[in-house]
Every structure is written in structure tokens, then in C-alpha cells.
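The structure under discussion appears below in the form of C-alpha cells.
Read-outs throughout are calculated quantities, based only on the coordinates presented, and are distinct from any laboratory measurement. Keep in mind that what you see is a predicted model, and the values were worked out from it rather than measured. Note: ideal-geometry Cβ built from the backbone for every residue, glycine included; neighbour counts use all protein chains shown.
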Amino acid sequence: MRNRTFAVIAFAIALVLIALTRVIANDYFFSAVYTVLQFIVLATAWNILGGYTGYVNFGSAAFFAVGAYTTVFLNKSLHLPLPVLIVAGTIVAGLLGLGVGYLTLRMRGVFFAISTLALAVVLFTFVVNWDYVGGARGAYIIQPREAPLGFSRYGHLLYATMVLMAAFAIVVARAIERSVIGRGLAAIRDDEVAAECAGVPTLRLKLFSATVSGALMGMAGTTLPLYLSYVEPTAAFNLSYAVNSIAMPLIGGMMSWLGPLIGAVLLGTVQQVVQVTISSEWNLFIVGVLLVAFVTLAPNGIMGWVEAWRRSRPHPR
Amino acid sequence: MSTLKSWLSSGLVALVIAFAVSAQAQQPLKIGFGMSLTGPLAGNGKAALIAMQIWAEDVNAKGGILGRKVELVFYDDQTNPSTVPSIYNKLLDVDKVDLVVSGYGTNVIAPAMPIMMQRNMCFMSLFGLNVNSKFNYDRYFQIMPAGPEPAVGWSQGYFDIAMGLNPKPQTVALVGADAEYPALALEGARTHVKKLGLKVVYDKTYPPNTVDFSPIVRAIQATNPDIVFLASYPPDSAGMVRAVNEVGLKTRMFGGGLVGPQFASLRTQLGPLLNGVVNYESYSPEVAAKYPFLDQFLTKYQGRAIKEGVDPLGFYLPPYAYAMMQVLEQAIKATGSLDQAQLAEYMHKYEFDTYVGKVRFAKNGEWSAPRMLTVQYHGVAGNDLEQWMKPGKVTVLAPAAYATGTVQTPYQDNKK
Amino acid sequence: MEFPTALVLNAIVAGLLLGGFYAAVSVGISISFGMLDVVNIAHPAFIILGSYIAYIVNARLGFDPILVSVVLSPLFFALGMLVYRVYYVCFEKRGQESLRGLAFFFGILFITEVTLVLIFGVDYRLVETSYSSTTLRLGPVDFPLRLVVPFAVSLAMVIGVQLFLSRTFFGRAVLAVAQDQLALRLMAINPFRVKEFAFALSIATAGIAGAFLIVIQPVQPSIGREYIGLVFAVCVLGGLGSIWGTLLGAFILGLAESFTSTFFGPSWAPAVSFGILLGALAFRPTGLLGR
């Protein structure tokens, strides 16, 4: 399927989902789905660097929080409208990905992983000490009472934005996967030294991958301050973002764009359900158990399972 | 496993209430909220929950409110703000609760505000510092007795006492954790400092997970402050108090805004190390006479808390969590309805009689006058809990109506 | 302005004491990650487990927690062997270590944390030892025993591990397995046994480090997460696979934290520590004493 056709289908589905705001009166649906969509973006973004290229990023929270705090900063200083905030946050996070990539992607994969951890801590400390965006006190962004574009609630607008972002992330991921770049990334993932010898411009590709991955993660974070009305560093840099953005592609399958989507929907929904039913420490326990179970039993995620099952079926003669 | 039991038992309580209600063929009066049952503030959240459950049982034993049994519908917000919008949307849209109250702490109160404002809900909240200053919502109420400007009222008592010292202090050191409450408390302290014309010789914060606090205390000592104001959460309250004792801090007054020493676990842990520390408390056995009926509540609370592995003293949040529900109860009974507008109007106008005394709200929903107790710990010996359950280890310094003694200064002399 | 000698001396001492503690929590990672290439991100979980076990025994029987943890270290050793076996069967044999193993240990981290919460609740726990409140003073310098005792035992443990690795036969087998497994096999040593032993050793050190932790500060189940970054930072800074490197890395980070806290503002300490790490990685990725 050509990229353009896929993009059209994706946005059509997005529009249908957005239209649900007219039909469903239950606001809980939208806040729950918002969170799942947010994780779709994060998982898909992570997978570009993690699954396609083979470099594990521990610091997803850093990029996510950068998106969130760019929104806070620009909103406070210049009162820019939402689309501008989103674009700005995405660009800043992308630049961060480029910078970090340049510093660390020349080393072995495991050092990159540790650098991302260190990055998260350094950024966290910066934000905590930056009074203008509230520091440890946190920053408030008041949602406008009136929602533009005919939405009955501002929360619906945020939901719609997140739907579009998810569609966008998936389209981008798929486009990368099927392009020359994607093949280069796969070569790096499988054997970087061989790829380098074969003439693949590994550093440039890795930087590209890190930039796009970081940018999309930042994009997911740009609407967080508006969704919560209040951001503070511990929430924005929460470990759950880092863990989920690794767990979801792992569970869904890291080889293609479909894996993070499946993983995010599955794990995200389970978490949302558990939160309002069992509702206690069991939530974390379940994430842990799922992680261990999938990683031991289904090493290539759900996609891998499906693949293996398909291959095991007898072929028609 | 006690936590599993607590989950089961709270579920059972809710179930039992629901069954009893259906037997009466009357819809239960549902009150919904998120509460920190896991995460860093879970100790407080669980304590508050127990208090609220006791309230529900007390009310139902007397026949409920407006003839309906009360049912608490709650979810764990994991002390994580991002869970809050979903939780409150579910409570209002799916569980169709009649009333909502907040969880514990600014962190989880603020994200719920847009939803409350959109739906014009009356919102009673539990211990958030200054949340309404940004929203200016006229149906927001706060049960924390910090006064109309909470961040400032929080340290009012401390600085009042400090300025009562003779000679007056000239220099102050401000220190606290990098977290939401301490940051706000320190901001409030700075307002006082400016107003009183004190010179700030140290004003820094530390990461909450600091392991060794002695470099910080030494840096403070090097500036020779007359008084030291600390705003901290339990782990760093313990760490700072220890470090202060190890280094041998010499200053005239130390303390102010430590969360932690109100709980059994820190009192037993630190024991005599707390001697001389000036801090805030919401209740202490010394002032029991001013709070009739609180005794029986505390006995009930303490029995359950011990079983569930939660703070067995219950002097900090539980009385106020209970009072919060009493305010709602009285407002509903007085207006005879669950109409949010009527409730809010009533709550702004009148004074309430609760287990923590008379409660009156200011225009912004905060208390009309502060009533946090400023205390000093003294004479603590050993690490047992019994000594704290009776009066004798806490001197109440302010407000004047509750005072039982004066401050012993300088701080280091309290160690002898 | 007079030179703040007392402040500087105390900052140095505090930094070194802290560094000793950091070395104890990180030496296990130096073995499991540095030598065995196992990304055991659940290492802090085992440390916290050690803290709680020390706590229970201290609360029930009153014995000194550090003593208890040393005595109980065979328990942690056995646990380490068990964990490694599972890891090996599920991952290493299939050749899919790095990411899967990582996710596996992440899962273990959470499961351990939740189990501790379910058993002990979320309140902070602390132990009281006979030396908790004593501080030795040598001139202007303070030596709080609460930090000195863990420091001393930690040094003993780290040096002990290093001596074991470099002097004993089995220890050298561990160093060898990191370098050349085939050669090891040719010498009739089973690499699996060696790696199992080494990993078990790393978990045993975690158990003991847990006792240090609870002597120094109050512990609650989710504290483990805050140490993930630190333990890897110490090992990477010092150089993977080198115990002396880990010690050096720990001291550097301890001193950085102590000096930043004293002179610039404690808020910046994590940024300084991890900034040093990032700098080291950018300019000398193998670490200070790495191979």
C-alpha cells in the first residue's frame, strides 16, 4: 500500500474517532482514550529508535517532559495558540534528540541507553531549578472555558488533537519503515559493523532516527499541561512514561509500526481498566508480570506470535 | 496481608452499604474521590481514607443523610496527577456520584479543578496549598486550617514566635525539598521574611532523595543564621533532623514546616532527636480539651490504623478528613438538597461545628482564619510511642488561644 | 573572606563516606553488567529487599542489621543463582539478551516493589543501631558513625570482591568469562557455572548494601527507582568490568555531590553527578579505568 493511501486511511479513521465527541456523552471515555492515544504516540516514537534501529532509550520521559515544558514556557511568555505550541514542542524535543544523539550515538548501544538515563536526570534537575516554569512548585495552565472549533468541552479538543497526533506518528513510522532509511536502520540494528562496511551512513541514519523519535515523544507531551492544568517535574518525568514506552513495543512487537500500536492499546487499556477497578498497587504488579511473561514467552511480541502462527500453518498446495 | 485485607474490607464495606441500601429500596448517596493509596503520599492518603470511612459508618448508623445511606466511591490516584482527570470523569459520568471531594495534596487537587469548574461542582478539598489562587473558583473549599492565604498562613505561627524572641532575630536561613509543598511553603516564608525585614543568609533547596544532609546543614551553619526555617516531606524531615543533630546546629530556632513529625513512624524513629524542633501540628493531646468528641474518633481510628499498617497516631490528616465530611453533611442537611449551587452558597455563608472546632470559609474557599498549631517538642526520651499518646512532649506555642507554654531558645539548649 | 577550611574538610569527608556507600550498591552491577553483560536493572530491587530483611530481623531480634545481612548473604547468593538460571534459560541461551533481559529485569523490579508494598505497606522503615546517633569529632571534622560503619564494611566488601576476583582461581575464571568464553571451555571450566556464581555474588553484595542503606536513611519500597541511574552511572564512569574503577567512580560522584551540596546548592547535585557521567561518556566512553 502506498504511503499516501495509508495516510489517507489513517486520517479518515482519525476523523471518525474525533466525530465520536458528538456521539458519546461520557467524558470518562475521552480522558481514558486520551491516555491510551498518548501512549500510542510514545510507543511508536520509541520504536523508531528502539525497534527499527536497535538503540534502547531509557529517557523517554525526558523528551516527553521537554514537550510539556516548552508548552508551559511559551504559554507563559507569549500566549501562543495550541497548534504553535505543539509544533514548537516537537521541534525542541527533536533538537534535543539530535544533540543527545550526536554526543552518544557513536558509542555502543548500551552506553547510549545509560546516557539517556543520565539525560533524564540532568533535565529533571534543570526544570526543578527553573523558576520561570514553576520549578518544583509546578506550573498552572488554565484551560479556556470555551472550546474552539465547535467542541463542547476543551477536553474534547485535546482528545481530538491526540487522535491526530497518533495518526501522524503512525504514518511517519510506517513511512520510515518502508523507505530506504528504514532499510538502513534495519541493517544497523542487525549488525552495525557490517552495515558500516557495506556503506550505510550509520551515524547520519542514527541521528535521523534519534531526532524523529525525540520529536514525536515531545509532541506527545505538548498537550499534557493543558490536559492536567497543572504540571510539576515529578509528574512530567514520571518513570511510567519510560517504562511504558519500552514495554508497549516489546509486548506488541518491535519490527513494524503495528507492534507499538497493539502494545499501547493492549497495555494502555489494561492499565486504565485496572486503575478504576482493582485500583491499587496491583496496577504496577500487572505491568511487571505482563512484561516478564511476554518477554519470556513471546520474545517478538504479539506480532511475533502472529507471524509464528501464520508460518506454522500448512500451506495450501 | 493487611493491605489486601484493607482492600477487601473497604470493598466489603461498600458492598454491605450497597446491599443495605437496596434493601431499603433507596438510592445510596454516593460521594466520589481519588485518593493516594500508592505512591509517595500513600501513608497520608490511607490515613485520610480510614477517617472518611469511619465518618460514613457513623453517618449511616444514624440513618444516613436525607434518608439515604452514604456510599464512598473511590479510586487510587497513585499520587500521580495524570490519573486524576480520568478518575473524576469516571466518577461523574459512569459512577454518577452525587458529590465529589478531592484527594490529598496540591498535586492531585489541581488537575481536577477544570472538570469541577466545567460541571459547576462544589469541590471540598483536602490539604492543598494555594490551589484556588490560580483558578478563583467560587465553589472550591479547603479543609486545611491555613487561613485565607495558605502559603503565608502556613508559616505565620513560626515567624510570630520568632519575632517574639528577645532580642529579635536578624538573619534567617530558608531550606526545603524540591517538591511542590516545600516550594510553596518556602515562598510563603519569603513573604514573611520580606515583611519583617529579616536578612536571608541561606536560601536553597535540595533534591528529595538526598542521602546525606550533613553538607547542607554545615553550609547553613557556616552562615550563622538566627533562625532556620525548614519545609520538608517525611524522608527528608528525618534526614535533616538527624543531620542537624549530628552536626550540632547552633541557632536560636529551628523548624517550621516539616511534614513527618506528626506521624508515629517519624516520632518513634527520631525520638529525642526531635527535642527543640519547632513545627506545625494540626492536633496534639495537649489541646484535647478544645476538641471535644475528637477522642472517641481517634480511638476508633487508631484501632483500624494499626490493623491496616497505617500511621497509628492519626493526629495529622484524619481529624481534618473527618471534619471535611462533616461540613458536607451539615451543608446537605441544612439545605435539604444536593444542588451544587445551593451547597456552595451555604458553605460560604455559615459556620460549621466539627470535630476540629468551628470552621468558617473565606471568599476564596480557604479558611477565614488560620488555626495551624505551632508547637515545640521537648522532653522526649527513648523511641516508644506511648509517650506521644498522652500530653507532655509537645508545647503548643500558637495560636494564643491554644498555647500551653513558650518557646525554649536557643535550639541547641534543648538537647541537654 | 577566610578560606572555609572546616567546610571543605567536612565536604571531603562526607563525600568519601557517601562514595563508599555508593560503591557498595554499585559493585554488584560492576560484576553483572560490567563482566557478564547482564543488564540487571532490578539490582536496586534486591538492595531494597536486603534493607527490608535487615529491618525485620532487627525489629524482631534486635541484631545489628549489617551483621545480619552479612550472615544472611548466602540467602541472597542462592536467590541470585535462581534468578540467573531463569535469565539464562529464557534469554541467554536463545541469544536475545540485551533488550529482552532488560525488560525481564524491569518486570522483576516492579514485581518486587509491589510485593514489598503488599507485605510491609508504604510507610518508611528505619533501624536503630547502637551507633546511629554517635558522631566522632576530630578537630573540625565530623565522622557520623551512621555513615562511617557502612563505609568501613563497604570498603571491606569491595576490596574483598576485588581480591577474590584477582587472586582466586574461580575469581579469575569470572574475569576470563567476560573476555573469552571459548577459551574458558577449552580449559574444562563450565562458563555457565562461572557466570551463575558471579551473578549470585552480585546479588549477595546487593543484600549487604541494602543493610547499609537502611542504616543510613529510611527506606520504602519505591526508593529503588532512584538508585537505578546512580548504580549504572558509577560503574560506567569508573569503567565497566573494573572493581577499582567502580570504587573510583563512586568516590568521584560522592565528592561531586557533597561539594555541590555544600557550596552551590544541593538542588544541583544530581545534575552535576550525571553531567560528569555524560562528559565522561562523551570523551572517554570506556570509563576511567575501563579496559
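Membrane-span-like helices of chain B, defined as complete DSSP H segments with a Cα extent of 27 Å or more along the helix axis and a mean Kyte hydropathy of at least 0.0, are identified as B:2-24, B:42-61. Please say if segment A:3-238 is rounded, prolate or oblate, where rounded means a/c under 1.5 for a ≥ b ≥ c the square roots of the C-alpha gyration tensor eigenvalues, and otherwise the choice is prolate for a/b larger than b/c and oblate otherwise? Cα axes put segment A:3-238 in the oblate bin.
All other residues with a Cβ under 13 Å from the Cβ of B:Thr404 taken together, and with Lys, Arg as +1 and Asp, Glu as -1, what is their net charge? Intermediate values should be presented prior to the final figure.
Working: positive: B:Lys290, B:Lys393; negative: B:Glu281, B:Glu286.
Spelling it out: positives minus negatives among the neighbours equals 0.
Neighbour counting of Cβ atoms within 10 Å sorts the residues A:Trp257, C:Trp244, B:Trp367, fewest neighbours leading, into C:Trp244, B:Trp367, A:Trp257. Membrane-span-like helices in chain A, defined purely by DSSP H runs whose alpha carbon atoms cover 18 Å or more axially and whose average Kyte-Doolittle hydropathy reaches -1.0, are A:3-23, A:27-47, A:60-78, A:82-104, A:109-128, A:154-178, A:202-221, A:239-252, A:258-276, A:282-297. When A:Cys197, C:Cys235, B:Cys122, C:Cys90 are arranged by Cβ crowding within 10 Å, least crowded first, meaning fewest neighbours, the order is A:Cys197, C:Cys90, B:Cys122, C:Cys235. A DSSP coil position with no more than 12 other Cβ atoms inside 10 Å describes none of the chymotrypsin sites (Phe, Trp or Tyr not before Pro) in segment C:1-63. Our coupling estimate for segment B:88-103, obtained by passing each phi through the Karplus curve with A = 6.51, B = -1.76, C = 1.60 and θ = phi - 60°, is 6, 4, 5, 4, 7, 8, 9, 7, 6, 6, 7, 9, 10, 10, 9, x Hz, Gly and Pro reported as x.
The packing ranking, built from the mean of other Cβ atoms within 10 Å per residue, places the peptides C:172-180, A:167-175, A:70-78, A:228-236 in the order A:228-236, A:167-175, A:70-78, C:172-180, highest first.
Seen against the Cα atoms of chain C and their longest principal axis, helix C:269-283 is set at about 50 degrees. Computed from the Cβ-Cβ distance with R0 of 35 Å, the FRET efficiency linking A:Arg2 to A:Arg22 stands at 0.65. Counting other Cβ atoms within 10 Å as a rough exposure proxy, the listed residues C:Ile203, C:Ile276 run C:Ile276, C:Ile203 from fewest neighbours to most. With an a/c value of 1.5 or above and a/b not larger than b/c for the gyration tensor axes a ≥ b ≥ c computed over the alpha-carbon atoms, the protein assembly as shown is described as oblate. If R0 equals 60 Å, the separation of the Cβ atoms of C:Leu82 and B:Arg119 corresponds to a calculated FRET efficiency of about 0.70. Using only the alpha-carbon atoms, how far is helix C:224-238 inclined from the longest principal axis of chain C? Give it as 0 to 90 degrees, nearest 10. The angle comes out at about 80 degrees.
Shielding of peptide C:127-139 by partners, expressed as the average count of other chain Cβ atoms within 10 Å per residue Cβ, is 2. Which shape class, rounded, prolate or oblate, goes with chain B when its Cα gyration tensor gives a ≥ b ≥ c as root eigenvalues, a/c under 1.5 marks rounded, and past that a/b bigger than b/c marks prolate? Cα axes put chain B in the prolate bin. Across peptide A:22-30, the mean count of Cβ atoms from other chains lying within 10 Å of each residue's own Cβ comes to 4. Cα centroid separation, segment B:350-385 to segment A:1-22: 56 Å.
Taking Cβ atoms as reference points and 13 Å as the exclusive limit, the residues near B:Thr205 contribute a net charge of -3, counting Lys and Arg as +1 and Asp and Glu as -1. Remark: mean inter-chain Cβ contacts per residue of B:231-240 equal 2, using a 10 Å Cβ-Cβ cutoff to other protein chain atoms.
Computed 3J(HN,Hα) for segment B:248-264, one whole-Hz value per residue from the Karplus formula 6.51 cos²θ - 1.76 cosθ + 1.60 where θ = phi - 60°, is x, 4, 10, 7, 7, 9, 9, x, x, x, 8, 7, x, x, 6, 9, 4, glycine and proline marked x.
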